[in-house]
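Some notes on the structure that comes next.
The values are calculated or read from the model by the stated rules, or taken from the named source; none is laboratory data. All figures in this text were calculated on a predicted structure; none of them were measured in a lab. For neighbour counting, all protein chains shown are included, and Cβ atoms are generated from backbone atoms with ideal geometry for every residue, glycine included. Protein only, heavy atoms only, side chains kept; ligands, DNA and RNA dropped before computing areas. Shrake-Rupley method; radii C 1.70, N 1.55, O 1.52, S 1.80 Å.
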Amino acid sequence: MKQHEMKIPYCTFRPLEQELGSEIRTAFERVLENSRYIAGQEGTEFEQRFAEYCGCSFCIGVGNGLDALTLILRAMGIGQGDEVIVPANTFIATALAVSRTGAKPVLVEPGIETFNIDADKIETAVTERTRAIIPVHLYGQACDMDVIMRIAREHNLKVVEDCAQAHGATYKNRKVGTFGDAAAFSFYPGKNLGALGDAGAVVTDDRELSECVRALGNYGSDYKYHHIYRGYNSRLDELQAAFLSAKLSHLEKMNAERRRIAGKYLNGIRSERVILPIIPEYTNPVWHIFAVRCMERDRLETYLNENGIGTNKHYPIPIHLQECYKDLGYRKGDFPIAETISRTELSIPLYYGMTDAETDYVIDVINRFE
């Protein structure tokens, strides 16, 4: 195949679907046969398995990752008048969860090399109203949890880990989601562990918190027609639970393959115009996203697209410059590092089933960028 004829999507599920298709169909048939679609055995079994995988005592399946974060904050009693520290560089759902409780998201700059919240800058953002910190393990790479947990202890703050992109990632050989008071996961289809629709989960070692999250997600009900909270409808349905169980058995293998592809990129990309991600010694990322930076990002994007390579941008408008957060009073220039990342970040293809020929082609095209 001539190089210019190669077409590589930013992401595709085809290889995974071909490999796991029969298991997914079996899961579907099982749910159909049982004729139970909400709050059944599939959900219970997945919750048990995912809690065990993460190394936590409890898992509660919910509707999506945003709900997972919201339900945790609500269960912690966070609301009007409170502040929650979140990274300035993350998907907007992290901030939206805080806003949904009535609390105020307070932004902290990321580190330019890791894209994650700069743990050394958190303390200056703490006020008498601060109740929690939400570290986001962005792109599948762990935050510096030792520093974050120390700050939380010193200021009596809750820690809610946003693990939406980090299923199986580790910090000092321990899985993320096990450091804070609770953690939120998204199983959006594109995640390393993805459902065939929207889905999410909360994991925690706190029994009381887990019971509150479960009730809040079930209309605020602890048993039928008895409502102790003004809750939500946010439950993991049986079909998605069954699909997730089928995929969970393969997650470690899929993460290992992502690490292998990322390793090829890190070793092979040599363009002086492209800045590669830095991996601190404390983390073993799962590479949900392979993000590079380039001062001429838009030109690089056009060049790659013209050569048949799909790309994405995470995230071109930072939270503080989004229209929905005008009321926070931030202005352009308030978070220069987040703004630099938003202008220079480009995500290149990395998905399970990507071939060596495809990876080599991406490396070669990038290395020829002038």
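In terms of the mean number of neighbouring beta-carbon atoms within 10 Å, the peptides 240-246, 275-281 order highest first as 240-246, 275-281. Computed about its Cα centre, the charge dipole of the stretch 61-164 is approximately 460 debye, with only Lys, Arg, Asp and Glu carrying charge at their Cβ. Per residue, the accessible area of the stretch 173-280 comes to 46 Å² when a 1.4 Å probe rolls over the protein heavy atoms. List the lysines whose Cα lies under 18 Å from the Cα of Lys253, skipping any in the same chain that are fewer than 8 positions away. Output for Lys253: Lys175, Lys191, Lys264. Extension gain for the segment Glu52 to Arg343, taken as residue separation times 0.36 nm less the Cα-Cα distance, is 100.8 nm to one decimal. For the stretch 253-296, the fraction of 1.4 Å probe accessible surface lying on carbon and sulfur atoms is 50 percent. Rg ratio for the stretch 206-363: its Cα radius of gyration over 2.2 N^0.38 Å, N being its residue count, equals 1.42. Spacing of the modelled spin labels on Glu123 and Val147, each 7 Å from Cα toward Cβ, amounts to 1.1 nm.
A straight line joining the Cα centroids of the stretch 8-36 and the stretch 222-255 runs 17 Å. For the stretch 53-123, the Kirkwood hydrodynamic radius comes to 13.3 Å, computed from all pairs of different C-alpha atoms. Per residue, the convex hull around the alpha carbon atoms of the chain comes to 135 Å³. Relative contact order, whole percent, for the chain stands at 22, derived from Cα pairs under 8 Å and 6 or more residues apart. Comparing Ala183, Thr90, His155 along the charge dipole axis of the chain, the residue lying farthest to the positive side is Thr90, per the Cβ-charge model. Expressed in Å, the radius of gyration and Dmax of the Cα atoms of the stretch 104-169 are 11.4, 34.
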